[in-house]
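The values are calculated or read from the model by the stated rules, or taken from the named source; none is laboratory data. Please read all numbers here as calculations on a predicted model, not as lab measurements. Here the Cβ is made from the backbone with ideal geometry for all residues, glycine too, and neighbour counts use every protein chain on show. Areas reflect the complete protein model, heavy atoms only, side chains present, ligands, DNA and RNA absent. Shrake-Rupley method; radii C 1.70, N 1.55, O 1.52, S 1.80 Å.
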Amino acid sequence: MRVVMIGPPGSGKGTQGALIAAHFDIPRIVVGDLLRDHVARRTDLGQVVHRHLGRGELVPDKIVLCIVREALIAARAAGGDCVFDGAPRTMAQARAAHKIATELGMTANVVIQLLAGEEELTRRLLARAAVEHRADDTEQVIRHRLALYQQMTQPILGWYSRRGILVSVDATRPIDEVGRGILAALELKRQPPGHVPARVRRPVDLTRLGVECAHP
Ligand code: AP5
C-alpha cells in the first residue's frame, strides 16, 4: 500500500503518517525531515534550502522531485509500500511525481486529506514551538505556510478526487480517534480489488465520522 498524506501545517500528517507506518509495518518518507536533515548536516543542498524552510517558503520543485525520485527508488527496493508525507505540494509536483511513480510502478493507492481550521492549526504549531523550537513555527511564518497551502496545495486535491483515491478526514478530533478512522478506511482500501465494493473505490468523505454518534 502506498499512502500519501496531504493537509495544512499542523493537521497531523507526521503524527498520523507515523501511526499508519507502524500499523502496516511500512517505511515512512517525510520530505520535510529529509530537507531539515540536509540543513542540519550543512550539505550543499542544505545550504540552498535553509532559507526557504526558515521563511516557510516552498523549496523549488526541482529539488523536491529529486528527493521524491530517490525516496521512491529506495522504497521500491524495500518492498514497494510506503507512507509519503510532504509531497506533492504544487500541481507541477503532483504531475511530475505521478510520472516518476508510474515509471517506477509506485503510484499512490490512497491519498489521506487531513482537514482542520486555521485557528486550531496555529494553536497546535505554537504549542509545538514551545517544545521543539522549529524555526518555521513562529506566528508570522505559520500564517504564511497556511496561506501557501491554500494557494498551492489545496488545488491538487480535486485531481486525486477525480482519480478516486482521496480519503478526507476530520483532523480536529483527538489524535487516537483520527487514527482509528484512517486505519479503518485503509484496511477497507487494501482488500483485493475484486472484493472491494465499488462505493469504497470512490472518494471517501469521513469528515462527519463520529458526529452522529456524538449527537444521536
Ligand atoms: P513539513 O515538515 O512537511 O511541515 P508542514 O507541512 O508545515 O507540516 P508540519 O510538520 O508542521 O505539521 P503536520 O501536518 O505534519 O502535523 P504534525 O503531525 O507534526 O515541511 C516543512 C517545510 O519544508 C515546508 O514549509 C517547505 O519549506 C518545505 N517542504 C516540505 N515539503 C515540500 C514540498 N513538497 N515542496 C516544497 N517545499 C517543501 O502535528 C503538529 C502538532 O500538532 C504536533 O505537536 C502534534 O502532536 C499535534 N497534533 C497532531 N494531531 C493532533 C490532533 N488530532 N489533536 C491535537 N494535536 C494534534
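Table for the structure above
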read-out	value
Candidate set: the range 59-82, residues that are within 16 Å of the ligand (Cβ to nearest atom) and assigned to a loop (DSSP other than H, G, I, E, B); chosen: the one surrounded by the fewest Cβ atoms within 10 Å (Cβ to Cβ)	PRO60
Residues within the range 98-124 that are under 23 Å from GLY10 (Cβ atoms) and in a helix (DSSP H, G or I), tallied	7
Hits in the range 112-168 (condition: among the β-branched types (Val, Ile, Thr) and within 29 Å of ALA40 (Cβ to Cβ))	ILE112, THR122, VAL131, THR138, VAL141, ILE142, THR153, ILE156
Residue in the range 3-24 that is free of Cβ contacts under 8 Å to residues at least 24 places away in the same chain and of a type in the set (Lys, Arg) present	no
Residues of the range 40-58 that turn out to be assigned to a helix (DSSP H, G or I), charged (D, E, K, R) and either within 12 Å of the ligand (Cβ to nearest atom) or crowded, with 16+ Cβ neighbours inside 10 Å (or both), as a count	2
Output for the range 131-174, where each listed residue is within 12 Å of the ligand (Cβ to nearest atom), β-branched (Val, Ile, Thr) and in contact (Cβ under 8 Å) with a residue 12 or more places away in the chain	VAL141, ILE142, THR153, ILE156, VAL169, THR172
Among (1) open to solvent by 20 Å² or more (accessible area, probe 1.4 Å); (2) in a helix (DSSP H, G or I); (3) in contact (Cβ under 8 Å) with a residue 24 or more places away in the chain, the one test that GLN93 misses	(1)
Meets criteria (at negative phi, assigned to a helix (DSSP H, G or I) and not acidic (Asp, Glu)) for ALA87	no
Residue match in the range 27-39 (condition: within 12 Å of the ligand (Cβ to nearest atom) and touching a Phe, Trp or Tyr at 6+ places or on another chain (Cβ under 6 Å))	yes
Filter pass, ILE6 being in contact with a helix residue (DSSP H, G or I) (Cβ under 7 Å, 6 or more places away or on another chain), away from the ligand (no atom under 11 Å from the Cβ) and within 25 Å of ARG163 (Cβ to Cβ)	no
